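A.B. asks: Let me give you the structure first, and then I'll get to my questions.
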Amino acid sequence: MTSTPKAASSAILQRGDRFLLVLRRNPPSADMYAFPGGRAEPGETPAETALREFEEETGIKAHGPRLFATYDLKTHSADGTIVSHFFLSVFQVEADDETVAIAADDAADLGWFSVEEIRRLPAPQSVLECAERLASGSE
């Protein structure tokens, strides 16, 4: 079965060997840790979506988005029906080091995690993949 993907973006903020992740409150990826992000609004570019969603979920006004990866993400029900389909653009962003993140919008919680910690968290494979690539220096 085919479906038309919805546009979504997420943003990676890295400080040293740690990545800012939010605990998702809503589907998709509810109860999982992921990079802040969400669905595009009409007329938004992927970069604009990443910056807006990042600020909504963390309270941090990020800047300098650089496209890092893209994913075609499909979630299926038990019978194989596509439940959700997103084309996700993942950006690296920058923010002032002294800015403190606060869980907001649909983020139930947040934290700074190393790759080793992310491996033990409930997190989408795409999040772990991006963190491992960045931590190894193979952008």
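A.B. asks: On a 0 to 90° scale, report how tilted helix 46-58 is relative to the longest principal axis of the chain, with both axes built from alpha carbons and the result rounded to the nearest 10.
C.D. replies: So the inclination is approximately 70 degrees.
A.B. asks: Hey, what angle do you get for helix 125-136 against the long axis of the chain, alpha-carbon based, 0 to 90 degrees rounded to 10?
C.D. replies: 30
A.B. asks: Quick one: with all protein chains in place, what share of the accessible area of region 47-121 is carbon or sulfur, to the nearest percent (1.4 Å probe)?
C.D. replies: The value for region 47-121 is 51 percent carbon and sulfur by accessible area.
A.B. asks: I've got another one for you. Specify the inter-centroid distance of region 10-63 and region 70-139, based on alpha-carbon positions, in whole Å.
C.D. replies: Here the two parts' Cα centres lie 8 Å apart.
A.B. asks: Something else about it: Treating only the Cβ atoms of Lys and Arg (+1) and Asp and Glu (-1) as charged, compute the dipole magnitude of region 1-127 about its Cα centre; round to the nearest 20 debye.
C.D. replies: The dipole magnitude comes to about 400 debye.
A.B. asks: State in Å² the accessible area per residue of the chain; use a 1.4 Å probe, count heavy atoms of protein chains only, and round to the nearest integer.
C.D. replies: 53
A.B. asks: What percent antiparallel are the DSSP beta bridges of the chain, to the nearest 5?
C.D. replies: DSSP beta bridges in the chain are roughly 75 percent antiparallel.
The values are calculated or read from the model by the stated rules, or taken from the named source; none is laboratory data. In this text the structure is predicted, and so the values were computed from the model without any measurement. No Cβ is skipped: glycine too gets one built from the backbone with ideal geometry, and neighbour counts run over all protein chains shown. Accessible surface is based on the protein model in full, side chains and every heavy atom, while ligands, DNA and RNA are left aside. Shrake-Rupley method; radii C 1.70, N 1.55, O 1.52, S 1.80 Å.
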